[in-house]
Each structure stands twice: as C-alpha cells, then as structure tokens.
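See below for the structure under consideration.
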Amino acid sequence: MKAVRVLEPGEKYRVYDMDDLFGGQLNLGSKLYITNIQSYVDFLPAQ
C-alpha cells in the first residue's frame, strides 16, 4: 500500500465495498481505497 494524498475535511466519496486489510479499508472504486479510521471518517446515508 502506498499513500497518495491525505483527504481534506469535507471531502465526500461513495463507498462501494469494505475489507479487513490494513485495519479496515473502504473501497472508493477505480482501485482507490482509504483506511477506515473511525475518528476521521463519517458515514452518511446516500441521498
């Protein structure tokens, strides 16, 4: 895994899948993943 950039507050992404790798990751599609750090990531229902 290689860090590409840090997400900024207020950025929103749709999550397509979740896994248990690296402590838990969220799949954003197109082979993009973010680490699921619960103190930094908020889940909101789709609108």
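The values are calculated or read from the model by the stated rules, or taken from the named source; none is laboratory data. The structure displayed is predicted, hence computed values, not measured ones. With ideal geometry, Cβ positions are generated from the backbone for all residues, glycine too; neighbour counts draw on all protein chains shown.
Consider segment 13-36 and keep the residues that are in a loop (DSSP other than H, G, I, E, B) and touching a residue at least 12 places away in the same chain (Cβ under 8 Å). The one that is surrounded by the fewest Cβ atoms within 10 Å (Cβ to Cβ) is 14.
The single condition among (1) modelled with pLDDT under 90; (2) surrounded by 11 or more Cβ atoms within 10 Å (Cβ to Cβ) that residue 42 does not satisfy is (2).
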